[in-house]
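First up is the structure itself, then whatever we jot down about it.
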Amino acid sequence: MKHCLLILLTFAVFVNVGTISAQDAKPFKVIGSIDTVPHASYYVNYYSADGLRYDTIELDKKGHFILSGHISEPTSVSLSVDNVYDKDVLGNWLCYSFWVEPDKETYFKGLRGFRKQIVRNSETQRLEDELDHEQKPLNKQIASLRKKIRSDNYTAEDKRAFDSLTRERDALNFQFIEDHPNTHYAASLLAGYVHHEPSFYARSQRLFDQLTPEIRSTKRGKRIQELLSKQRSVQLGEQLTDFTLADTAGNTISLSDYKGKYVLVEFWASWCVPCRRENPNLVKSYNTYKPSGFEILAVSFDDKRDNWVKAINDDGLPWTHVSELTGLFNSPLAKKLLVRSVPDNFLLDPEGKIIGRNLRGDELNRKLSTLTLSD
């Protein structure tokens, strides 16, 4: 089984497209085989007629399997196993993902190696493969730099190159959406940006408006529209919704307590490796600008108090800390503020309006240096 696991560089994003009405659903079938050990098991998930469907497939002696269900729109199926390979990757370890379509029999062959596969009789998959082929050299460079950056063995030039390449890939994705406005795959690409990149709101809204009425009226299209509507409330210039949480001593702290000051609302967790790497930079920024009135309110998405408090002490974080202790994916506040991952943050002005989002290191310092801070 390890053959399909060890070269994982990124993982697919599955966006909730809403519960599918059973009366709209049509059958699909996958006739598949995977070139791995006999009787291997894979976890399956996809959106079916009754919402997100979890299943397990067992390969027979020849590595074959059959998967069937009901869907109303083209849907991405993922095949994964337990993740014991990379602590920085949350959840199961994704081996394959591919598109199936209503009223179609799809033929799938999983080869050794992450996302090495052959899929036939799926137009949506053909479009994904077409874009993947165009971006292959670019993705290879991005993957190499990402690995270097994650190891902390990188230079400022590496980071600039990485950011430039990801912007180039974003541009290719946006162009693909514009060129294929009547396809579910274009809508799926856009859904990924809307779901995970609120800072792309204006561009996402323009791209959504370019989708055909048929695609905008699908369940995926309606979900994108719903998310875009929510994202208006967390854009630059908007008032960030007030919230009240308990600090490490059990005292209640409200965001509105910070009115009249510039405050960075920092979202993090003890288990978040990039957060912990960023903390020394954040301490330096805090020490530099706190005398002028700058504050930080840190919101942790931990679910265990001991881990949370230990990380605060270990990293020497002197500002106020609050948490629901529900974890990220079960956090009501994360859902309300559309925080999908950590680290993330909002920089607020004295009126509580958003003037920056997801600012890190030098970028945060440059922004703070332009503000009129006062005690």
Which of the residues spanning segment 341-364 are surrounded by fewer than 16 Cβ atoms within 10 Å (Cβ to Cβ) and either part of a helix (DSSP H, G or I) or under 17 Å from the mean Cα position of the chain (by Cα) (or both)?
S341, R357, G361, D362, E363
Name the pairs whose Cβ atoms lie under 9 Å apart, with the first residue in segment 161-185 and without any contact (Cβ under 8 Å) to a residue 60 or more places away in the chain, the second hydroxyl-bearing (S, T, Y) and open to solvent by 40 Å² or more (accessible area, probe 1.4 Å), and 6 or more positions between them or separate chains?
F162/Y154
Restricting to segment 58-67, name every residue that is open to solvent by 50 Å² or more (accessible area, probe 1.4 Å) and farther than 15 Å from F98 by Cβ.
E58, D60, K61, K62, H64
Quick one: in segment 254-274, which of the residues that are open to solvent by 30 Å² or more (accessible area, probe 1.4 Å) and hydrophobic (A, V, I, L, M, F, W, C) is modelled with the highest pLDDT?
W271
The one condition in (1) open to solvent by less than 70 Å² (accessible area, probe 1.4 Å); (2) under 26 Å from the mean Cα position of the chain (by Cα); (3) within 22 Å of N365 (Cβ to Cβ) that R277 fails to fulfil
(1)
Quickly run through segment 73-102 and pick out the residues that are under 22 Å from R120 (Cβ atoms) and part of a loop (DSSP other than H, G, I, E, B).
E73, P74, E101, P102
Within segment 50-60, identify whether any single residue is closer than 24 Å to E123 by Cα, under 20 Å from the mean Cα position of the chain (by Cα) and at pLDDT below 80, and answer yes or no.
no
G237 open to solvent by 30 Å² or more (accessible area, probe 1.4 Å) and at pLDDT below 95:
yes
Considering only segment 110-128, how many residues are surrounded by fewer than 16 Cβ atoms within 10 Å (Cβ to Cβ) and assigned to a helix (DSSP H, G or I)?
2
Subset of segment 283-311 [in contact with a Lys or Arg (Cβ under 9 Å, 6 or more places away or on another chain) and within 22 Å of A246 (Cα to Cα)]:
F294, E295, I296, A311
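Can you work out which of the residues in segment 199-225 that are touching a residue at least 60 places away in the same chain (Cβ under 8 Å) and not β-branched (V, I, T) is farthest from H184 (Cα to Cα)?
Result: S199.
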What are the residue pairs meeting all of these: first residue in segment 247-266, first residue in contact (Cβ under 8 Å) with a residue 40 or more places away in the chain and within 15 Å of L317 (Cα to Cα), second residue surrounded by 15 or more Cβ atoms within 10 Å (Cβ to Cβ) and of a type in the set (S, T, Y), Cβ atoms under 8 Å, and 6 or more apart or on different chains?
D247/T320
Being open to solvent by 40 Å² or more (accessible area, probe 1.4 Å) and outside any loop (DSSP other than H, G, I, E, B) is the filter; apply it to segment 35-57 and report the residue that is farthest from V77 (Cα to Cα).
S41
Of S188, S199, S122, which residue is modelled with pLDDT under 95 and not charged (D, E, K, R)?
S199
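The values are calculated or read from the model by the stated rules, or taken from the named source; none is laboratory data. From a predicted model like this one, the values you see are computed outputs, not experimental measurements. A quick note on method: Cβ atoms are made from the backbone with ideal geometry, for glycine too, and the neighbour counts reach across all protein chains shown. In case anyone asks, the SASA skips ligands and DNA or RNA and just uses the protein heavy atoms, side chains included. Shrake-Rupley method; radii C 1.70, N 1.55, O 1.52, S 1.80 Å.
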